[in-house]
1. List the aspartates and glutamates whose Cα lies under 14 Å from the Cα of Lys33, skipping any in the same chain that are fewer than 8 positions away.
2. Would you please give the residues with an amide H less than 5 Å from that of Ile211, counting only those at least 5 places away or on a separate chain, with H modeled from the backbone geometry?
3. Among Ala77, Ile147, Thr56, whose Cα projects farthest towards the positive end of the dipole of the chain, with charges put on the beta-carbon of Lys, Arg (+1) and Asp, Glu (-1)?
4. Over the chain, one equal point on each Cα, no solvent: what is log10 I(q)/I(0) by the Debye formula at q = 0.08, 0.11, 0.13, 0.15 Å⁻¹?
5. From the residues Asn198, Leu167, Thr209, which one has its Cα farthest along the dipole of the range 161-211 in the positive direction, the dipole being from +1 and -1 charges on Cβ of Lys/Arg and Asp/Glu about the Cα centre?
6. Which Cα, out of Cys229, Met99, Phe67, lies furthest along the positive dipole direction of the chain (beta carbon charges, K/R +1, D/E -1)?
7. Please build a GNM for the chain, connecting alpha carbons under 10 Å apart, and tell me which residue among Gly45, Gly234, Gly35 fluctuates the most.
8. Could you check which residue among Ser210, Ser148, Ser125 shows the biggest mean-square fluctuation in a GNM of the chain with a 10 Å Cα cutoff?
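What follows draws every value from the coordinates through simple rules; no lab data is involved. Predicted model only: the values in this text are computed from it and were never measured. Positions of Cβ are generated from backbone atoms using ideal geometry, with glycine treated the same way; all protein chains shown enter the neighbour counts.
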Amino acid sequence: MSNSLQSDLLKIANVNKRFGGLQALTGVELVVKRGEIVGLIGPNGAGKTTCFNVITGLYAADSGNFFFNGQTYNPTAVEHVLKAGIARTFQNIRLFKEMSVLENVMVGRHVRTHAGFFGAILKTSATIREEQSIKNRALELLDYVGISAALAQQKAKNLSYGDQRRLEIARALATDPLLLALDEPAAGMNQTEKNSLNGLLKKIQQDGTSILMIEHDVRLVMGLCDQICVLDYGQVIAAGLPDQVRQNPAVIKAYLGYHKEKA
């Protein structure tokens, strides 16, 4: 295997997706190297969410090649994607709102458990130990993302908006992902919350988890991401370092030009 492939955590090539008469993705290529934060940006309707949904198994691509963690990757089912090492959040928060904050993270952790059906029913000593381990790890993750232990038994719906976003990230991290896929993590946040999110994502990166994110906040993306990929009408129009993308005429015309004040 070449050094390039060894450093590539995720690579997709010539990915196409059509919905009826709409060609949503055309020949899309994207690379996330190990340890990188990569931003996927573009105007509304550019195909960002479709691309995300194809990578994470919500939609099946019509054609294309997928490579993840040294192997050919076939993202046709969400559970297989999760077990492969990709966890995602959604633009619209999808917490179990009537469950406790702690239970939400524990649900994510159960993907990596070993106790089977009968172990859970019979409450064997191994199952009890594993359940305590899951709880302990969930509490660690709540602290890691900045949610107070005092909130652990609160219902998820009672958290502030910013903490609900953090809880989603904690639940995703509970699956021990190699790649964290974030769909507009800063959506609806005020500037203070965005600054805090920026610090959290940098910490996650420094601790060894790669990140792929869709985000409309250009300033956040440009300041946080190592590489940026820009989609327009389902096609990649630019990819590279933030400064390269910022100065690309096609990007300015398609996207950044509408956000000059924000950028």
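1. Asp8, Asp226
2. Glu36, Ile37, Val38, Leu180
3. Checked the options; the winner is Ile147.
4. The Debye formula, applied to the Cα set alone, gives -0.34, -0.63, -0.87, -1.12.
5. Selected residue: Asn198.
6. Of the options given, the answer is Met99.
7. So, out of Gly45, Gly234, Gly35, the one fluctuating most is Gly45.
8. Maximum among the listed residues: Ser125.
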